[in-house]
Structures are given as C-alpha cells and as structure tokens.
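The values are calculated or read from the model by the stated rules, or taken from the named source; none is laboratory data. None of the values given here were measured: they were computed from a predicted structure. Glycine also receives a Cβ, built like all others from the backbone with ideal geometry; neighbour counts cover every protein chain displayed. We work out accessible area using only protein heavy atoms, side chains counted, and drop any ligands, DNA or RNA first. Shrake-Rupley method; radii C 1.70, N 1.55, O 1.52, S 1.80 Å.
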Amino acid sequence: KMQRRCLVEAYQDAFKQIGIASMPIAPGACPHLFVALIDFAKLGVTRSAVMQRLRDRGIGAQVHYIPVHRQPYYRALYGDLKLRGAEAYYARCLSLPLFPTMTEEDVATVVGALEASLRS
C-alpha cells in the first residue's frame, strides 16, 4: 500500500510541474488506478492518438470506466441521456500505469512519455 501511495505522490508532483491535472485522492487512500485529467481538445490531440503514442513507447494507458448512462442496458432503459459532469470527466480521463513493482523512475518515464505524446 505504501508503495502505491508513494507512486501516486510522484505522479502528482510531476503533474504539478507540467500542468496536468489528476483525479483527487482522499487522504490516506491507496488507489488502484492513477487517472490523469487532460483537456485533449484544448491541446489539439485525441485521446486515442495519445494512447497509441504511449503504446509506441511501450506504455499502456486506457480508459477504465465508460459512463454508466452510455452502457447499452441503461441506454435501453433511459434513452440517450446528457449528463454533463460524466461526459466532461469521460472526455478527459486517461488511466496510467500504477502497480506495486513500479519505481519512481518508472513514473518519471511514464510522465515524460505522456508529455511527449501530448506534443507530437
């Protein structure tokens, strides 16, 4: 648990330096995901392009949670809902690697690759 918390703090510190937001994490929490919140539209790049660029650098990134109201079951029940908060989160979220055997050097590698992937 402590290792994950240290890695999260390393991500957060690095993100502050380069101006990328992340999901807030409750004090004392030990998250199993690290989610960057990136305004892809403002940067003029798609999330899928960034994910591919990261993959090309050997780094896996993904979107873990598609908003529930977009799932087929709920669409069938409620139709095409417009939930601005959920849509805003979904447009910006990107889950980055976070696993117990990572090191802070690995975090720096991921952050550097993400920064480069947002530019290229």
For the chain, longest principal axis from Cα atoms; helix 104-119 axis from its Cα atoms; angle between them, nearest 10 degrees, is 50
Please give, to one decimal in nm, the separation of the simple spin-label points placed at Arg57 and Asp80, each 7 Å out from Cα toward the Cβ. 3.6
For the chain, give the percent of accessible area contributed by carbon and sulfur heavy atoms, probe 1.4 Å, rounded to a whole number. 56
Across Leu81, Leu96, Leu37, the residue with the highest GNM fluctuation in the chain (Cα network, 10 Å cutoff) is Leu81
In deg cm²/dmol and to the nearest 500, what is the mean residue ellipticity at 222 nm of the chain if only DSSP H runs of at least 4 residues count, each as -39500 (n - 2.57), divided by the residue total? -15500 deg cm²/dmol
Return the sequence-ordered ³J(HN,Hα) values of segment 40-46 in whole Hz as given by the Karplus equation 6.51 cos²θ - 1.76 cosθ + 1.60 applied to θ = phi - 60°, using x for Gly and Pro. 4, 4, 4, 7, x, 9, 8
Quick one: P(r) of the chain from all Cα-Cα pairs, 10 Å bins, percents rounded to integers, in order of increasing distance. 13, 41, 31, 13, 2
Along the charge dipole of the chain, Cβ charges K/R +1 and D/E -1, which of Phe15, Gly112, Gln62 sits furthest on the positive end? Gln62
In Å², and per residue, what accessible area does the chain have when probed at 1.4 Å with the other protein chains present? 62
Using unit Cβ charges (K, R positive; D, E negative) and no other charged atoms, how large, in debye to the nearest 20, is the dipole of segment 51-95 about its Cα centre? 120
What does the charge dipole of the chain about its Cα centre add up to, to the nearest 20 debye, if the Cβ of each Lys and Arg holds +1 and the Cβ of each Asp and Glu holds -1? 400
Contour minus end-to-end for Glu104 and His69, with contour as 0.36 nm per residue of separation and end-to-end as the Cα-Cα distance? 9.0 nm
Nearest 10, in degrees from 0 to 90: the angle of helix 47-56 to the longest Cα principal axis of the chain is 40
